[in-house]
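Just so it is clear, none of the values below were taken in a lab; they were calculated from the coordinates. If you're wondering where the values come from, they're calculated on a predicted model, not measured in any experiment. No Cβ is skipped: glycine too gets one built from the backbone with ideal geometry, and neighbour counts run over all protein chains shown.
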Amino acid sequence: MGLGKEEEIEVYQQPKFMPGTKVRSTKYVKNDGTYAGKDVGDVLVQKNDWGYVRDVGMYLQRYYIYAVEFVERGTVVGMRGRELRGFDEPLKKSSAAAE
């Protein structure tokens, strides 16, 4: 009887991205009500939008949160490292596309 998969504690490692790093989003991000000035459900970030890491913080002393300024959208959004990739990194191919 397991309680689920235990996630790695990210803060034991160095952050994936440092302030000033140009990154791309791998996910769509909608306002869940915590982003002031936008309606709930508004799209804050589209998949593949690019921006710069402004700051690196922590959440629950387990995860890094990257404050990313998405220049073209004029938004700063907190994102997890798994939701970002380096600007020049190629897109990952899904296993279904590889078959």
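Odds and ends about this structure:
- A Förster radius of 41 Å combined with the Cβ-Cβ distance from GLN13 to ALA36 puts the calculated FRET efficiency at roughly 0.80.
- Radius 14 Å from Cβ of LEU44, net charge of other residues (Lys, Arg +1; Asp, Glu -1): -2
- The protection proxy used here, the mean number of other Cβ atoms lying within 10 Å of each residue, ranks peptides 36-45, 22-31 as follows, highest first: 22-31, 36-45.
- Sparsely packed GluC sites (Glu not before Pro) within segment 23-93, loop by DSSP, other Cβ within 10 Å at most 10: GLU72
- Karplus 3J(HN,Hα) series, Hz, for segment 28-39 with 6.51 cos²θ - 1.76 cosθ + 1.60 (x for Gly, Pro): 7, 10, 10, 5, 9, x, 9, 9, 5, x, 10, 6
- Listed by chain and number, the aspartates and glutamates placed with their C-alpha closer than 16 angstrom to that of LYS47 are GLU69, GLU72, GLU83, ASP88, GLU89; residues fewer than eight positions away on the same chain are left out.
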